[in-house]
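Written below as structure tokens is the structure these notes are about.
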Amino acid sequence: MSLVERSAWFRPGRGQARSPSRDPAGGRSGLARLETRLAGWVLPVLLVASWEVLSRWGYIAPNVLPAPSAVALAGWQALKSGELVHHMSVSTARALAGLLVGGVIGLVFGIANGLSSLSHRYTDTTLQMVRNVPHLALIPLVILWFGIDEEAKLFLVALGVFFPIYINTLHGVRTVDPQLIEMGRVYGMTPLTLFRKVILPGALPSIFVGLRFALGIMWLTLIVAETIAASAGLGYMAMQAREFLLVDVVVLAILIYALLGKLADVLTAALEHRCLQWHPAFHTPKS
Amino acid sequence: MTAFASVAAEPVPSAAGTPHGLDLRINRLSRQFGDKRVLERLDLTIPAGQFVAVIGKSGCGKSTLLRLIGGLDQPSGGDIAFEGRNGPPADREAIRLMFQEPRLLPWQRVGANVEVGLPARTPPAERAARARALLGEVGLADRAGEWPAVLSGGQKQRVALARALASRPRLLALDEPLGALDALTRIEMQGLIERIWLEQRFTALLVTHDVAEALALADRVILLDQGRIAFDLDVPLPRPRRRGSAELAALEERLLTHLFAG
């Protein structure tokens, strides 16, 4: 909800000057803050509720889509047996390892090609060509190379996250205000200081955009890779469940993917907020 | 002595009575970009501590001259000597440039932005305190912890001035630093620059397109036209100068006549 809408909704309450929940610093009521936080969850909760109701009334057959309560039960059982935690930790470790490897390589190439036209001349064409091959098309080849071991997933995730981070880092480094770079030079900054104090912070907002794209691609790649070839992980769990027609577990796996995706996004947003405090878009409004 | 001078005390001979400013001799300086000759064998001598304003129509080469002096650009011909020696001075921190835009690092707080200008050899423990003292000198002592984004245009330019002064330069080159400010903030900034110049007596080189500003601040006004000095005017009026006085008006009249004659 936008600020304008929010103030339109809650102004009358503020005028009555008695609400004990009113935030003295911000002037926004506690209720308004609660609303801000929960707004994003209203729609998912409504969807799940109507899904439950429709299932109970028999409009949705359990072998097509089991009720949320059945999915929750399946989740609880998987959690109790330790199976869920195992598969989730395997998937998360793969995702993070791939993100780390691909992200660091993308960052290094992005910075190198942003700073050095020599490096850009020699590597960018190659990278752009590779980029246009859908990395998931490499799955058959990757299975031939690595089998269905960890390396295969790591390779695919790393390849997938490399490009968004590379392209956005490159863009960020290249678009740092040249006036600031000139200022740094005039004020006697060494190349390292110039990079640390001017170029990297200037490129950071763009790098974060890359990171957000990369996180989406990270989960996507992992799901596909695990579904096709794995011996553990959430995708594997879903595929096993399909073999035994356990629709509730399949749905559970899908929901967990959605939650993990949201979690990754929340963590990035928090990191962004911390690192980009200076940016007017991230200023926490004062009283 | 003011708080400023004691905080920024550097091993410069100003205390011993010799001028703190850097003297400057420009000899047949040329600069061309492609076919376009921006500066044409320009000769100019500026004694230490003088406040010189350079005016001229846009494209007359005044910013190019400043960039050459500041070491941001290399001449196509001729040379610039500081204290009788060709080439840039050994101490690069002796020359500071202030740009038309504040050029503050938006991701550094105001205090840290001023620290950028401190001499490299300043001990880390002293940097923050010195930055704060410099901010105090430009009237922003309490803003050290703010982000530049929350400051007004004039405040940002004052932070840029504090940064430029942080190394206690012997030559301060100002490239239309007040061009983007509103009229009132401008007058305020002119007063600030004049006061600090009177205290520190560095050589000041102000590029401006505002004739009144040049006359209010400078000991000498140089009019550039097509890459050459068209007119060199001494302004022997006492300071602080009263805006709108008859003497200033007469000088302004003379400058404008020359400006539009060419």
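What follows is calculated from the coordinates using simple rules that are stated; it is not laboratory data. This structure is a prediction, so every number in the text was calculated from the model and none was measured. Here Cβ is always computed from backbone atoms with ideal geometry, including for glycine, and neighbour counts include all displayed protein chains.
When a/c is below 1.5 the answer is rounded, else prolate if a/b is larger than b/c, else oblate, so apply that to region A:116-166 with a ≥ b ≥ c taken from the square roots of the Cα gyration tensor eigenvalues. Prolate is the answer for region A:116-166, as a/c is 1.5 or above and a/b outweighs b/c. What's the FRET efficiency of B:Leu256 with A:Asp124 using the Cβ-Cβ distance as r and R₀ = 56 Å, to the nearest 0.05? Result of the calculation: an efficiency of 0.55. Size check on region B:61-209: the Cα extents along the three principal axes, sorted descending, read 46, 39, 30 Å.
Grab the beta carbon distance between A:Trp145 and A:Ala112, set R0 = 30 Å, and tell me the FRET efficiency rounded to 0.05. Once the sixth-power term is evaluated, E becomes 0.65.
Enclosing the Cα atoms of region A:27-175 in their convex hull gives a volume equal to 215 cubic angstrom per residue.
The mean sequence distance of close C-alpha pairs (under 8 Å, at least 6 residues apart), as a share of the length of region A:70-282, puts its relative contact order at 27 percent. Apply the a/c threshold of 1.5 to the C-alpha gyration tensor of the protein assembly as shown and tell me whether it is rounded, prolate or oblate. Judged from the Cα gyration tensor, the protein assembly as shown comes out prolate (a/c at least 1.5, a/b above b/c). Here each label is just a point 7 Å from Cα along the line to Cβ, and for B:Arg28 and A:Phe282 those points are 5.6 nm apart. Site pair A:Leu34 and B:Ser76 shows an inter-label distance of 7.3 nm when each label is modelled 7 Å from Cα along Cα→Cβ.
Out of every Cα-Cα pair that chain B contains, those further apart than 32 angstrom amount to 21 percent. Centre-to-centre, using Cα atoms only, region A:174-203 and region A:107-127 are separated by 18 Å. For region B:89-132, the fraction of C-alpha pairs farther apart than 15 angstrom is 49 percent. Within 10 Å of each Cβ in B:160-168, how many Cβ atoms from other chains are there, averaged over the peptide? Average neighbour count from other chains, rounded to a whole number: 1. Is the shape of region A:128-203 rounded, prolate or oblate, going by the alpha carbon gyration tensor and its root eigenvalues a ≥ b ≥ c, with a/c under 1.5 for rounded and a/b larger than b/c for prolate? Judged from the Cα gyration tensor, region A:128-203 comes out prolate (a/c at least 1.5, a/b above b/c).
With 0.36 nm allotted per residue and the present C-alpha distance subtracted, the A:Leu263-A:Arg174 stretch has 29.0 nm of extension available.
Given in Å, the Rg to one decimal and the Dmax to the nearest whole number for the Cα atoms of region A:221-273 are 13.2, 45. Packing, taken as the mean count of other beta carbons within 10 Å per residue, orders the peptides B:241-254, B:20-33, A:160-173 from highest to lowest as A:160-173, B:20-33, B:241-254. Taking amide H positions as modeled 1.01 Å from N, with prolines and chain starts lacking one, the residues under 5 Å from B:Asp225 and 5 or more places away or on another chain are B:Ala230.
Mean per-residue shielding of peptide B:149-157 is 1, counting Cβ atoms of other chains within 10 Å of each Cβ. The alpha carbon centroids of region B:81-110 and region B:30-53 are separated by 18 Å. Each residue of region A:223-236 was assigned a 3J(HN,Hα) from its phi angle through the Karplus expression (A = 6.51, B = -1.76, C = 1.60, θ = phi - 60°), giving 4, 4, 4, 6, 5, 7, 8, 6, 10, 6, x, 5, x, 4 Hz with x at Gly and Pro.
Overall, chain A carries a charge dipole of about 1220 debye about its Cα centre when +1 sits on the Cβ of Lys and Arg and -1 on the Cβ of Asp and Glu, all other atoms neutral. For q = 0.07, 0.10, 0.12 Å⁻¹, what log10 I(q)/I(0) does chain A give under the Debye formula with an equal point scatterer on each alpha carbon and no solvent? Each listed q maps to, in turn, -0.40, -0.77, -0.98.
Dividing the alpha-carbon radius of gyration of region A:137-287 by the rule-of-thumb value 2.2 N^0.38 Å gives 1.40.
Averaged over the residues of peptide A:173-186, the number of Cβ atoms from other protein chains lying within 10 Å of each residue's Cβ is 4.
Could you sort out which of A:Lys197/A:Lys262; A:Lys197/B:Lys62; A:Lys197/B:Lys57; A:Lys153/A:Lys262 sit more than 25 Å apart by Cα distance in this structure? Over 25 Å Cα-Cα: A:Lys197/A:Lys262; A:Lys197/B:Lys62; A:Lys197/B:Lys57.
Between the listed residues A:Val157, A:Leu136, A:Leu192, the Cα displaced farthest toward the positive end of the dipole of region A:108-198, a dipole computed from Cβ unit charges relative to the Cα centre, is found at A:Leu192. Would you kindly calculate the translational diffusion coefficient of region A:47-120, applying Stokes-Einstein with the Kirkwood radius from alpha carbon pairs, for 4 °C and a viscosity of 1.567 mPa s, and quote it in µm² s⁻¹ without decimals? Using the Kirkwood radius from Cα pairs, D works out to 80 µm²/s.
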